[in-house]
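Undergrad: Structure incoming, see below.
Every number here is computed from the coordinates shown, using simple stated rules; none is lab data. This is a predicted model, so every value here is computed, not measured. Cβ: placed from backbone, ideal geometry, glycine included. Neighbour counts: every protein chain shown.
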Amino acid sequence: DGDGGDGDGNNEEGNVEGNEKNDNTASTTIPPTRQRWFTLQMSDTYQEQNYSYQEMLGGGNAQGGGGGDPNSLAMFVADHPHFADTLLQLAMVLYHVDDRSRGNDLLRRSVFVYESALPSVVLPGNDDDDDDNTTTNNNGNGNSNNGCEILIDVDRAPNAGLFASLFRTMQTSGMSGCHDAALAAGRFLLSLDPLRDPMGALLILDYYALASRRAVTAAHRRKGGSVAAMEAGATFVVGIVESGTVEVHHRDPLTDRHHRCTLVDMPNWAFSYALALYRLSLQLDDDDDNGGGSDCGGYAVRAEDALVRALQTFPMILPKLLSMNKVNIRDRSFRADWPTILSYFEADDDGGSHIVGNSVEDRVTRASGEHLVRIFVGRCHKLWKEDDVVRWMYRCAERVVEEHKDRHAKHDVMGGTATAGFDVENSDAASAAPDDAPTTSPTPPPPLISAFSPALARYAQCDPSEYEDAFRTLPPEAVALDPNLVAPAMAMGADGAGGRRRFLRRGRGHQQQHQRHGGRGGAEEDDGRDPLEIVRQMMGMGGGDDAMEVLDPDSPLLQLYLQSLLPWAQVEGVRPPPRG
C-alpha cells in the first residue's frame, strides 16, 4: 500500500522513458539539434494509489471524504506518504493557513518523490560527460547528454505534477528570501521546456536573479591586477538575453498565426537587462575611462542604451515604478524636473480607446502587455528604489524625451509643417513676405505609446497572485483543518507511518447506526442499547442492519484472522471474497 520509506519514492514513479527526436521548430531558437524527451510512468503500486486518489476526488463514496475536504486529503497523505499530488495539495493548504513550516516539509517530500524517479541525466548539475563534449543548455545549468537537450513534456499527466512542484519550490523559496534557491529551481524548471515555458517562469526569473545579489569572482581584472567581483544574477540576466537562445513563441488560436519575440520584448526582461548592465558597470567600469573600457565592454554605455530602449518601448512602466517607490514627482529642481518629463509617459497609462487598435488581436495584445506590466511592477519595483537608480532613470527618461522631440521635429519638416533646418532669413520667400505675415508653429509631439508583441499573449492566463511575495492566507476556522489529522500526515518512517494505526473509513451502515442513536457521544450514546452489541463493536465485531465493519490490517495477526472470519467484517484495503 505504499507505506514503506525510501523505497516508495523510487517505486511509485520509478520508470522514465526517453526518446530522441529532431524538432525543426525548436531548432530555430535552441542551439542543440537533438532532443531527448522524458516521460514519467507510474508503477503498479503508484497506479493503485492514483485510483484511490481519483475515487477520493469523486466524493460521496463508501469511504467518505471528497476532493474539497482538507481532512480527507490529510488522511490520504497519512496512508500514502509518497503520493506526490496529494503531498503538493496538502502543502498548499498549509501554506494558505500560514503553517509554512509543515507546508515546506510536505513540498520538499513531493520534490523528493520526483527526484527519486528521475534519472541522473535529467537532474541539474549533471557533469558525467567530458568537459569538451558537454553542451550547456539555454539556461546555463549544464545538463547534457552527448549534445542532446533534455526536455520533459508537461502535457503528459504524470509530468504535470513535476512542473507544479518545481514552480511551488521556486515560489516559496523566493517568498522566504532564498533567492538563490528560487533562481536555481526556476532555471531548472525553464530548462525542462524552454520553448513553451508552461509555468511562466520567465515572468519572475529575472527578479530572483537580480534580488540574489550573490557575488562571484570575475575573469576580468581591474587596472593594477586586482580581480573584480561580479554579481552572479546580473551576469546570468545579461548572458541569457545576449545569447538569444530563449525566445517567446505563441500561436494565435483565432488566426492560427505564429508570433515570436525576444526576451527584451518582454517588459520585465527589458528593464531587468538594463539594470543588470548598470550593476555590472558599477563593479567593472570604475577603473575604466568614462565607464567605457574595452576589457569589460563599456557596461555603463550599454546600460543607458538598454534602459532608453526599454523606456521607449514600454513608457507606461516609468510612472508606475516611481509611484510604487513613493518618489517625489511633483517638485521641480535643477537636478530633476519630473512633472515635465512624466507628461510624455503618463498618457500611455490611461488606456484610452485611441491607443488600442480595432482588431481583436490588437486588443488581446494590449491587454496581455498590461497584464505583464502589472506583474513586473508589483514584484520588481523594490529593485528600482535606490537613489542612484532613480537618478539614472531620470537621465535616461530625459534622453528619451529629447530623442522623441527630435524625431517629431524631423517628421514635421518632412511633412512641411515647420521651417526648422531652413535658412528662412536669406530665402526668397522670406524677403517677399510682409513683416506681419503669419508664421507656422511646430505641433507639439505626441505622448509615448507602449508597443507590445503579440507573442506576449502566451502569458495572458497567468495569475498575478502566483508571483507575489506572500500567499493570501485564510483563517484556520475557514478551512476547518483538523490538526489531529495533519500530525499523522507529517509522520514518516518507523516512528511515523510505520508505527501508527491507519485511519479507518467506516461505511454508510455505521453512519446510519450513529444517526439512529441520535448522534450523541460518550455514555449518553450507550443508554438503551444492548450491552452485547456494545461489546461486539468494541471488539471490532459489529453487525446487524447490513453494516460492514472495517478491520485495521495493522492489528495483531491472530486477532485480524479471527475477526475476518465473521461475515460482516472486511479488512481495510482488501476486497471481500465473493460469497455464494
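Undergrad: Each label point is 7 Å from the Cα along the Cα-to-Cβ direction; what then is the distance between the points at residue 343 and residue 406, in nm?
TA: 2.1
Undergrad: Here's something else I'd like to know. For residue 477 and residue 328, compute 0.36 nm times the residue count separating them, minus their Cα-Cα distance, and round to one decimal in nm.
TA: Separation in residues times 0.36 nm, less the Cα-Cα distance, equals 49.3 nm.
Undergrad: For the pair residue 461/residue 388, report the inter-label distance in nm, with labels modelled 7 Å from Cα in the Cβ direction.
TA: According to this spin-label approximation, the distance is 4.4 nm.
Undergrad: Compute the distance in nm between two label points, each set 7 Å from the Cα along the Cα-to-Cβ direction, one at residue 255 and one at residue 451.
TA: 1.6
Undergrad: What's the ranking of 174-181, 82-89 by average number of surrounding C-beta atoms within 10 Å, highest first?
TA: 82-89, 174-181
Undergrad: Another one. Given a Förster radius of 41 Å and the C-beta distance between residue 214 and residue 399 as r, what FRET efficiency does 1/(1 + (r/R0)^6) yield to the nearest 0.05?
TA: That pair, residue 214 with residue 399, gives E of 0.85.
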